[in-house]
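Inspection log for the structure reproduced underneath, given as structure tokens.
Nothing in this text is a laboratory measurement; each read-out follows from the coordinates by a stated rule. Since the structure is predicted, the reported quantities are computational estimates derived from the model, not experimental observations. With ideal geometry, Cβ positions are generated from the backbone for all residues, glycine too; neighbour counts draw on all protein chains shown.
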Amino acid sequence: MNPSPELKPAESPVKPVGLDAALWDDASPEQKLVLTRISRQRARIKARASAKAQAAALRHTQPAQVDGEASLPERLVSFVRLHPIATAAAGALLMMVGPRKLIRWGSVALPWVMKLQQRSRS
């Protein structure tokens with residue numbers, strides 16, 4: 001780590017908003033550079049916290065049920081979000097059953113599922 005950061009033309013220090021003017025005026029060029037970097041870092045941290053809060057708010061506003069009109073992948077994703085423990089239990093059960101039995105059962109069940117989907121669309 002370089003003890004005295006050099007000023008580069010692309011990183012010319014700009015007085016951060018809300019900083020005491022006397023502190024900025026008394027600072028050396030290296031100190032101004034550090035103050036500018038600190039200000040940018042604080043802005044990034046604030047933006048990240050805001051994005052996390054927005055994502056949490058969106059998670060809480062999601063519907064508490066599976067939309068029957070949605071496509072099959074969307075319904076599966078919403079079911080997994082609503083019932084993570086049941087999904088984990090089903091995954092564990094499928095791993096215990098094994099791939100050969102799953103392929104055999106899937107080849108029997110897939111035509112039935114396709115027929116049911118065709119009936120529900122018409």
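Quick rundown of the values:
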| quantity | calculated |
| --- | --- |
| Quotient of Cα Rg and 2.2 N^0.38 Å for segment 24-122, N being how many residues it contains | 2.04 |
| Longest site-free stretch - the chain; sites: GluC sites (Glu not before Pro), DSSP loop, at most 13 other Cβ within 10 Å | 7-68 |
| In degrees, nearest ten, helix 84-97 long axis to first principal axis of the chain (Cα) | 60 degrees |
| Whichever lysines have a C-alpha closer than 26 Å to that of Lys101, once near sequence neighbours (fewer than 8 apart) are set aside | Lys115 |
| Positive-end residue, segment 66-121 charge dipole about Cα centroid, Cβ charges, pick of Gly68, Leu102, Gln117 | Leu102 |
| Within a Gaussian network of the chain (alpha carbon springs, distance under 10 Å), most fluctuating of Ser50, Ser107, Ser78 | Ser107 |
